[in-house]
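All of the numbers you see were taken from the coordinates with simple rules; none came from a lab. Predicted, not measured: the structure shown is a model, and the values here were computed from it. Here Cβ is always computed from backbone atoms with ideal geometry, including for glycine, and neighbour counts include all displayed protein chains.
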Amino acid sequence: MDDFIIDSLCRTERDNASEYRKVLPEVINSILVSMEDEECFAHIGDDPIHFSTSIKEMIDKFREILFPGYFSREKIDGANLVYNMGQAVSQLYDILSEQIVHVLRHDCLRYTKACLECENTGNEIALKTIESIPKLRISLAKDTKSVLEGDPAAKSHDEIIYSYPGLYAITVYRIAHILFNFNVPQLPRLMTEYAHSRTGIDIHPGAQIGEQFVIDHGTGVVVGETSVIGNNVRLYQNVTIGALSLPPNAGVKLRGAKRHPTIEDDVIIYSGATILGGETNIGAKSVIGGNVWLTSSVPKETKVFIESPRLIYKYQENREQIMQEQIKQEGLNNEYQV
Amino acid sequence: MDDFIIDSLCRTERDNASEYRKVLPEVINSILVSMEDEECFAHIGDDPIHFSTSIKEMIDKFREILFPGYFSREKIDGANLVYNMGQAVSQLYDILSEQIVHVLRHDCLRYTKACLECENTGNEIALKTIESIPKLRISLAKDTKSVLEGDPAAKSHDEIIYSYPGLYAITVYRIAHILFNFNVPQLPRLMTEYAHSRTGIDIHPGAQIGEQFVIDHGTGVVVGETSVIGNNVRLYQNVTIGALSLPPNAGVKLRGAKRHPTIEDDVIIYSGATILGGETNIGAKSVIGGNVWLTSSVPKETKVFIESPRLIYKYQENREQIMQEQIKQEGLNNEYQV
Amino acid sequence: MDDFIIDSLCRTERDNASEYRKVLPEVINSILVSMEDEECFAHIGDDPIHFSTSIKEMIDKFREILFPGYFSREKIDGANLVYNMGQAVSQLYDILSEQIVHVLRHDCLRYTKACLECENTGNEIALKTIESIPKLRISLAKDTKSVLEGDPAAKSHDEIIYSYPGLYAITVYRIAHILFNFNVPQLPRLMTEYAHSRTGIDIHPGAQIGEQFVIDHGTGVVVGETSVIGNNVRLYQNVTIGALSLPPNAGVKLRGAKRHPTIEDDVIIYSGATILGGETNIGAKSVIGGNVWLTSSVPKETKVFIESPRLIYKYQENREQIMQEQIKQEGLNNEYQV
């Protein structure tokens, strides 16, 4: 191609591109008009909430302080510990108080940028949340130790702290639960949903969960808003602690009611089990087998497992057999899991 | 250690490190040779597609416009709305048209960097996609409202828009579906897989889905390519709308055929249910219970639930009981879920 | 509001804010004191490990080289291939050797920043890992081709490489497995957990997996540490290859023992199936149906599926029917999945 052709091609291309761009203002206008549609959602006139970056930043800062030295950028030793952690806590306070004030103002009826009450409440909640860090550290240490005790694949506490999604989700839940109890809007759920996104573990910040809580693998776990879980409880992947099915318009009617089960101390719930309903109580030291579906209570020290569905084996020679004996054995083994 | 020893240690270390680096060119060479292996995949001579950053950027920009003011960096009010959104739409057009032209050229047989047809088609599709934003906004507003109506844990529309993974996945699906209908390659699937990665919800961009679609919790949901879903359908976690098992080499033979179910209006499908097959039709206003496995059609207004597997309770005193009565009760409650 | 009031409001606000900040040093102090609690975890005096950014960076660099041209920032063609890939491999070596040396030193008993043995071992492992890239490329090419053969929704090899989470998780597993075999601590698990976080697929780096491995959809898949998987095996979402339930304190006792099943060549395992136990062996060419729960071995060429739970249909007129015939049909179809 000689220069002329290339040049003319380029020009045509440019012309074509600008052809489409010419229509843009009209399209933009129709979008702007659509923003006045009151049936749709717009957040105009409100302060923006920069959640996408700040939620991660906030959680990272919390983890830096809760597990000092594990997630810091610099090496932490005796010489710089005070300076380093001091600065980290101070930064966390700034991020946290800013975010809390933001969401309080966002939901504040007499919304104004200068609303002093929101400012004060927000600062106070941020401070109280940070004050609970020493307690949180003890609680997370217990969670971490419980993992190592029960999981042969775990090599060390360090490995659990660095890489276990269950511990990550529980850490975020424990922080978010504190904010939830202070009635902070938006933020707690955003934090647990961030953890849900990273881990597949969906714990509502309103759930009440005791010490030494372990979630293994974890993908697909759901723990509902009004669940109450005791100490030393262990869950595996795909366990649901949920609500019974909801009548139409339940969203409005049932807000606040206890809709999720109570799990007492020292219970193990194997993968795929589903436990539903606000009046369902799982007694202490019980074991719920894989895939069990429960909507009623169970006394303490009970093992519940499903009589497993009969398995149909088709062998090479294509005769079909229903192996009753084998089935029973499977049934008995069914309390086991993962 | 005196300076001499430290110095010599450092030197040795450096020498050792460079020892390994010396072998590197040889290793690199063997890797380069391996790139000529035609059995392996290389993308040499093609334009690169910068998906990793741009998919997120594109989705973020769409959400900024679809929910104005929610995800903007600055506060949006009457004074800057026109300017702000105008700029956002214009930016979106640039990102989108660039990406579409890219993928069109990538798959274009007479590939050339200056292919004008790809350029024009790409720009046109980008424009048409953006033109559908007002309609998309209406559709997403209906999705959002349906969540609040059915979920007692949802506190406000804002909370749903900010933090619900179901709405996120549906938003991305609705955008990707438009691009899929314009036969844009690569991009639609990349977008829904990005959402899958963030939410655990795997909706193929080819699926046809009506209004007021709700997915709660969502981890583990799969909606296959040729699924057809009506209005006001609600799914819970781990629901599969999938294909029946595939004969060998099905990949090639079945491409394009309807392999996934049809779900009519006003259907609820509880967690863990699996519905399979291109001829399976779930009639309007039906309810599919948790863990149900369906490979055949169901007439309208039907409730299907499983007779739950009998539960075996082992109490403390170790006698074993099969509680027939309790089982039945569980069976009846089994339509409920989460 | 006149200027005076605004000014005084601002001042009060500032005063209030600083009021809270004043308490901060005290709070920081109590947190610092809590860091001496030996029951809690701190990582003080150890080198930090910058995992959060570097794990992603490392995986990205590996993928850039394993699938040349697909994930590069610049276009790769004959002219720059050598230069480009040469530089990429050299960068990978630097990142990888630095990380390996880091984690080796972290676990090294006679920990010192200048520990030469760690340095040398780390560099050597990095080099050997990179040397296996040509073999890895062949292995990943086989994985990619197997996806296209079996999945009618897959449009091209490019689409699989760009967007399939199963291939992503397998790629990361195959790299991590090499490092695991060199006894590198921390890093392998961190890599597979990063992939778990992105894909919902949890493959332990210690698992042994053959060629042509396919995972479709994948959310909720768990493959345990001591699993052995042959060639040409295909898994769907929510499949667990796991351990039987663990006696108390199993974490300590069972570390290292074979606790997970063996899956022979050419086996398909449909969604939701759970296979447990170190002595469970699934014979070659077997098919395990959706939701099957297996804790004992199966001979080769066996199809196992569950006699599906009887379904209860409630029709509009509210009479209840248990449809025995339909149940059987469902049972027979139950080998199918997704």
* Structure fact -> Sorted on mean Cβ neighbours within 10 Å (highest first), peptides B:254-261, A:286-293 come out as A:286-293, B:254-261
* Taking the simple approach of a point 7 Å from Cα along Cα-to-Cβ for both residue B:297 and residue A:57, what is their distance in nm? -> 5.6 nm
* Can you sort A:164, B:70 by how many other beta carbons sit within 10 Å, fewest first? -> B:70, A:164
* Asked: For residue C:22, which inter-copy label distances result when the label point lies 7 Å beyond Cα on the Cα-to-Cβ vector, reported in nm to one decimal and in ascending order?
  -> 6.8, 6.8
* 3J(HN,Hα) from dihedral phi, the range C:68-84, Karplus parametrisation 6.51/-1.76/1.60, rounded to Hz, x for glycine, proline -> x, x, 6, 10, 6, 7, 9, 5, 9, 9, x, 5, 10, 3, 4, 4, 5
* To do: List B:135, A:61, B:155 from most exposed to least, where exposure is judged by having the fewest other Cβ atoms within 10 Å.
  => B:135, B:155, A:61
* Quick one: net charge around residue C:214, please, counting Lys, Arg +1 and Asp, Glu -1 for every other residue with C-beta under 11 Å from its C-beta. => -2
* Set A:145/A:285; C:145/C:285; B:56/C:56; A:314/C:300; B:61/B:128; B:22/C:142 screened for pairs whose C-alpha atoms are more than 22 Å apart -> B:22/C:142
* Cα shape, the range C:158-313, gyration tensor, a/c 1.5 rule -> oblate
* Structure fact -> For residue A:242, other-chain or 5+-apart residues with amide H closer than 5 Å (H placed, Pro excluded) are A:275, A:276, A:277
* Structure fact -> Listed by chain and number, the residues whose amide H is under 5 Å from that of residue B:229, excluding neighbours fewer than 5 places away on the same chain and using placed H, are B:208, B:209, B:210, B:263
* Hey, with R₀ at 22 Å, roughly what FRET efficiency would residue C:156 and residue B:257 work out to, going by the Cβ-Cβ distance, to 0.05? -> 0.75
* State whether the range B:43-205 is rounded, prolate or oblate according to the following rule on the C-alpha gyration tensor (a ≥ b ≥ c being the square roots of its eigenvalues): a/c under 1.5 gives rounded; otherwise a/b larger than b/c gives prolate, and the remaining case gives oblate. => prolate
* Asked: Using the beta-carbon distance between residue B:98 and residue B:38 and R0 = 35 Å, what value does 1/(1 + (r/R0)^6) give for FRET efficiency, to the nearest 0.05?
  -> 0.65
* Asked: What's the exposure ranking of A:191, B:35, going from fewest to most Cβ atoms within 10 Å?
  -> B:35, A:191
* **Where labels lie 7 Å past Cα in the beta-carbon direction, separation of residue A:149 and residue A:75 in nm** => 3.5 nm
* Structure fact -> Quick shape check on the range C:136-210: root eigenvalues a ≥ b ≥ c of the Cα gyration tensor, a/c under 1.5 is rounded, otherwise prolate if a/b tops b/c, else oblate, and it reads prolate
* Be a star and scan the range C:190-227 for residues whose amide nitrogen sits under 14 Å from the point 7 Å along the Cα-to-Cβ vector of residue C:181. => C:205-211
* Asked: What is the calculated FRET efficiency for residue B:108 to residue B:211, with r their C-beta to C-beta distance and R₀ = 30 Å, to the nearest 0.05?
  -> 0.25
* Take each of the peptides B:212-224, A:224-236, average the number of other beta-carbon atoms within 10 Å over its residues, and list them starting from the highest. => B:212-224, A:224-236
